[in-house]
1. Tell me which of these T146 doesn't satisfy, since it passes every other one: (1) out of contact with any Gly (no Cβ under 7 Å at 6 or more places or on another chain); (2) within 21 Å of D33 (Cβ to Cβ); (3) away from the ligand (no atom under 12 Å from the Cβ); (4) of a type in the set (V, I, T).
2. Have a look at L133, L118, L64, L128 and point out the one that is touching a helix residue (DSSP H, G or I) at 6+ places or on another chain (Cβ under 9 Å), of a type outside the set (K, R) and more than 25 Å from K28 (Cα to Cα).
3. Could you check, for the stretch 146-164, whether at least one of its residues is more than 18 Å from F5 (Cβ to Cβ) and surrounded by 18 or more Cβ atoms within 10 Å (Cβ to Cβ)?
4. Within the stretch 116-136, how many residues turn out to be part of a loop (DSSP other than H, G, I, E, B) and either within 11 Å of the ligand (Cβ to nearest atom) or at pLDDT 95 or above (or both)?
5. For the stretch 32-42, indicate whether the set of residues that are in contact with a helix residue (DSSP H, G or I) (Cβ under 7 Å, 6 or more places away or on another chain), under 25 Å from Q145 (Cα atoms) and in contact (Cβ under 8 Å) with a residue 40 or more places away in the chain is non-empty.
Amino acid sequence: MQSVFLIGFMGSGKSSVCTCLADRLKWKAKDTDHEIELYYEETIPQIFATKGEDVFRTYESHILKQMPITNTVIATGGGIIGKAPNREWMKKHGIVIYLHASWNEIKRRLADDTQRPLWKDTIAVQALFKSRLPLYEETSHYQIQTDQKTVDAITEEIISLINTSING
Ligand code: S3P
């Protein structure tokens, strides 16, 4: 079956849902951020600090195209939808699921985060969040509201969506 791409803003639960969903489906789990770190042998904060965001985005687009397009659940970085070719590639090669969380929920989940270079609880990140919402919507085949839901509940919802898309 086609791979599942999980998209959504930082803190929307993509990595946790990815592991749980892959486990339930008995598929492989991949995370584009993790793959970038393995391939380029630098952490995401290091890449941002030493090379800048544009280089990170080039790495991210390259790694995306290396992801398996069958039987794999792929958690993507929150900004992967910034480039049109990435959006088109995911939509063409996989089932794209947008995990939506509200701004307040994201702020709560990431309150103590220090690992995300773009995460600063400021007006600018909120503006980024708002500007990306239409891109997540446009790129996804399915959207899931995640506020107040457990990882297990979100996983079950995705499994039903996939079954419906197979069985019509
Ligand atoms: C980013 C999100 C991060 C990571 C990088 C940039 C973004 O991934 O790719 O820090 O632009 O939103 P998560 O969405 O997994 O936090």
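1. (1)
2. When all the criteria are applied, what remains is L118.
3. Among the residues of the stretch 146-164, not one is more than 18 Å from F5 (Cβ to Cβ) and surrounded by 18 or more Cβ atoms within 10 Å (Cβ to Cβ), which makes the answer no.
4. Taking the stretch 116-136 as the starting set, the residues that turn out to be part of a loop (DSSP other than H, G, I, E, B) are 116-122.
Still in the running and either within 11 Å of the ligand (Cβ to nearest atom) or at pLDDT 95 or above (or both): 116-119.
Total meeting the criteria: 4.
5. Scanning the stretch 32-42 turns up at least one residue that is in contact with a helix residue (DSSP H, G or I) (Cβ under 7 Å, 6 or more places away or on another chain), under 25 Å from Q145 (Cα atoms) and in contact (Cβ under 8 Å) with a residue 40 or more places away in the chain.
The values are calculated or read from the model by the stated rules, or taken from the named source; none is laboratory data. Predicted model only: the values in this text are computed from it and were never measured. Counting neighbours? That spans all protein chains shown, and the Cβs are built from the backbone with ideal geometry, glycine included.
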